[in-house]
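Data block below; observations after.
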């Protein structure tokens, strides 16, 4: 496998009984790429993402994440990825530094590294004053920024972001994306789902899932050209209109 | 008579958390009024006060001329309300949910079918399905039907499209526009700023205060700085290089472009273009653009 | 009123569609009755007896016949030597061995008496005591029958077992299980059902509707009230026909007391639901504050009289204690209603108090 390919799937399929949630999807994601994973509610995004994170076994097909097989080497995969979602990311009843400490500990980082990197992180986020604040009392946007920083704290090869910016104010949302750019620039691969169509534009490449299949995969500008659309919103609508199934 | 009149509402929770400070606005009959802002700005608190579920510390609110404190019984008969995390009864079927809410409001599905027909038609094939097994978009449509079935004169929708995919969202808004034509006043909140232009008037809310209330196009017109969009091959590097350029006030990512504002007068986009090309950027395009609601929100939020 | 009945129907849908919970609610009392009634019984039944007798003897045979004829004992086998006893006990083949002395029938009428020894597996001390008491009673009866009117015989302990002459332990558990089941279903389930509506946001919509809050509450309670009545019936039928515990007193009074108790439990559930807004907390709250005291402090397992004084005072505050007391008096002792007026009055006062408090706490609004 090419060293620059960090995610690779071939005919990846997941069935629940007679229902095919993910239907033979094949794609590759390169190192340092921001890969947008879009689709309507119920198109199969969550199921696909769970398989890639090693949380769910594929029914058939193969997939490799960070060079490890998703069906057999889940534990290795978990060491090499970060994960953040809108719903769950940090413990609200722990302080900022306690959350950082906890996640770093889970990934087996050394105490000295943790201490040094915690300072760096707080500095960069301008959070030094908030070190002892309970996460619950931070504004949502701050929380999400912190959660993202924590999810890449152990320098994973790939970070999976599941609707990371839902409900965040526009200014913070932009700062959040700048952080994503920066992480990608450092070589971390970003795999992200979102319902904000302008955010799809930030991605290097975007895949569109419809009824469990990937119906389109290209850069935003190529997609717009291909579908003769002026915005990603329009591309999305043209594609999703073909959807037949409901959840 | 105005359908909704909110006057100088203040609300603090126990522990001194200030949710709303001095909110005032009004909405005409048949108006689609949007309250736009991020989570935690106070939208839900405002909706609960208007829906007679919370008492304000200060200020008054009248729905159809009725006071939310004194006449709450009467108001409850005539408004429709869809709370943010509203999720219907998952273990009842589509039909049972709608039938239940119809009865609670002392009406029947048949009586007001015409109101929900457009929406319910799409749900009818699944009417024996449990609500818990519907997709997010379908659930929202059913919830809207349930809030509409008693022919409310005012409809309060708290973040009805959050977490719903863009296609379902668009359909949902089209439905709201049709309802509005039937004379129903709709107060709706959303964190998706691209939905703002679908409202007649909007209020931008931040930290419990309205920053601006106006028609979307007027809010855009009030954007007081020249705004440019820039695009290139290496967007990340471009962001930093544009920020370094003298005369660029504020630069941020915005979809496929970066938007930046400039200090008034004396800005020459060709000079910037030349400098960027000199720094090795290729395929750079700079153009003057009209602001969108997000640009306006950020501009207002800065002050 | 139509919207009210629609609401009630909706509540029944919720219950009927949650099959698992429904099954638990209906089967739980049955399981408890069977568990407490049979498994944890201290009653004597099917005790296997071994016999050590050196020679065929007329009186020995008669005593053995009597033991065997009783429903408690089975004469299983004859042992050859006392050395076998240990092995038989360890192998759980025998529970008790009776050893008869030589020339037993002749010595029965001797002044010094005949020698007879009861050897019991006393791993379960209270059971062992029951065995010997039962066996002694049978032997004494035999002695008396053989020798009517004879004044000369050893002192036979005169055990009189009031209310429960057969010492059936299930008698005592039935009222406790009734108290527990009704509390569990009414209080716990009602609180969870109301809090669930808060969690899903449907309560907000219901409040912003012409429905009166009191209707919401009553509609929520009706299904659980119904389930409780079914449970009450199951428990009574099971105890009468399976455990053979008759209802000695007035059936009507028993039902009335139970209804008052159900109302108390429902209001407790409502009260809990007004205090919390998460299902899991409602569950913990109900079980810790309502269930545990019912099991431990209301005389279900430990007699109230043997508890430390402070706990006894505390137990006066608990509705299940009074309910269980009343049911015991009615069901087991067969006392007339006039003996339970105190319990009834206390329960009614508690019911009125709880309903008032919980209705007052249930808001028209969210705060």
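The values are calculated or read from the model by the stated rules, or taken from the named source; none is laboratory data. On a predicted model such as this, the values are computed, not experimentally measured, just so you know. Using ideal geometry, Cβ is built from the backbone for each residue, glycine included, and neighbour counts are taken over all protein chains shown.
A few notes on this one:
Table: residues versus (1) away from chain A (no Cβ under 12 Å); (2) under 23 Å from residue C:204 (Cβ atoms); (3) in a helix (DSSP H, G or I).
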{"site": "B:114", "(1), (2), (3)": "yes, no, yes"}
{"site": "B:119", "(1), (2), (3)": "yes, yes, yes"}
{"site": "B:125", "(1), (2), (3)": "no, no, yes"}
{"site": "B:159", "(1), (2), (3)": "no, yes, no"}
{"site": "B:163", "(1), (2), (3)": "no, yes, no"}
{"site": "B:167", "(1), (2), (3)": "no, no, yes"}
{"site": "B:179", "(1), (2), (3)": "yes, yes, yes"}
{"site": "B:183", "(1), (2), (3)": "yes, no, no"}
{"site": "B:203", "(1), (2), (3)": "yes, yes, no"}
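- Looking only at region A:136-152, and only at residues there that are out of contact with any strand residue (DSSP E or B) (no Cβ under 7 Å at 6 or more places or on another chain) and more than 14 Å from chain B (Cβ to nearest Cβ), the one that is surrounded by the fewest Cβ atoms within 10 Å (Cβ to Cβ): A:150
- Failed criterion for residue B:59 (all others in (1) away from chain A (no Cβ under 14 Å); (2) part of a helix (DSSP H, G or I) hold): (2)
- Residue match in region C:226-244 (condition: outside any helix (DSSP H, G or I), under 21 Å from residue C:347 (Cα atoms) and in the same structural domain as residue C:16 (by TED's automatic domain parsing)): no
- Residue within region C:88-99 that is farther than 30 Å from residue C:237 by Cα, out of contact with any helix residue (DSSP H, G or I) (no Cβ under 8 Å at 6 or more places or on another chain) and modelled with pLDDT under 60 present: no
- Members of region B:1-55 found to be surrounded by fewer than 22 Cβ atoms within 10 Å (Cβ to Cβ) and either free of Cβ contacts under 8 Å to residues at least 24 places away in the same chain or within 14 Å of chain A (Cβ to nearest Cβ) (or both), listed by number: B:13, B:14, B:15, B:16, B:17, B:18, B:39, B:40, B:44, B:55
- Identity of the residue in region C:4-33, surrounded by 15 or more Cβ atoms within 10 Å (Cβ to Cβ) and more than 18 Å from residue C:194 (Cβ to Cβ), that ends up farthest from the other protein chains (Cβ to nearest Cβ): C:33
- One residue stands out among those in region A:73-90 that are at pLDDT 85 or above and surrounded by fewer than 20 Cβ atoms within 10 Å (Cβ to Cβ): the one that is nearest to residue A:143 (Cα to Cα), which is A:83.
- Number of positions in region B:76-106 that are part of a loop (DSSP other than H, G, I, E, B) and either touching a helix residue (DSSP H, G or I) at 6+ places or on another chain (Cβ under 7 Å) or more than 7 Å from every other protein chain (Cβ to nearest Cβ) (or both): 10
- For region A:192-241, the set of residues classified as more than 23 Å from residue A:32 (Cα to Cα), touching a strand residue (DSSP E or B) at 6+ places or on another chain (Cβ under 6 Å) and more than 10 Å from chain B (Cβ to nearest Cβ) consists of A:212, A:213, A:215, listed by residue number.
- Close Cβ contacts (under 8 Å, 6 or more residues apart or on different chains) running from residues in region C:232-254 that are on the phi > 0 side of the Ramachandran plot to residues that are buried (at least 19 other Cβ atoms within 10 Å of the Cβ) comprise C:244/C:168.
- Scan region C:257-275 for residues that are touching a residue at least 12 places away in the same chain (Cβ under 8 Å) and surrounded by fewer than 18 Cβ atoms within 10 Å (Cβ to Cβ) and the total you get is 1.
- One residue stands out in region C:312-338 among those that are loosely packed, with under 15 Cβ neighbours inside 10 Å and in contact with a helix residue (DSSP H, G or I) (Cβ under 7 Å, 6 or more places away or on another chain): the one that is farthest from residue B:83 (Cα to Cα), namely C:312.
- Some residue of region C:276-292 being at pLDDT 90 or above, crowded, with 20+ Cβ neighbours inside 10 Å and in the same structural domain as residue C:355 (by TED's automatic domain parsing): no
- Checking region B:247-257 against the condition returns a match, with at least one residue being at pLDDT below 90, more than 29 Å from residue A:183 (Cβ to Cβ) and out of contact with any helix residue (DSSP H, G or I) (no Cβ under 7 Å at 6 or more places or on another chain).
- Residue in region A:153-164 that is in contact (Cβ under 8 Å) with a residue 12 or more places away in the chain, at negative phi and within 11 Å of chain B (Cβ to nearest Cβ) present: no
- In the set (1) in contact (Cβ under 8 Å) with a residue 40 or more places away in the chain; (2) assigned to a strand (DSSP E or B); (3) not assigned by TED's automatic domain parsing to the domain that holds residue B:156, the condition left unmet by residue B:189 is number (3).
- Only one entry of A:123, A:98 meets the criterion of being away from chain B (no Cβ under 14 Å), closer than 27 Å to residue B:301 by Cβ, modelled with pLDDT of 90 or more and surrounded by fewer than 17 Cβ atoms within 10 Å (Cβ to Cβ), and that entry is A:123.
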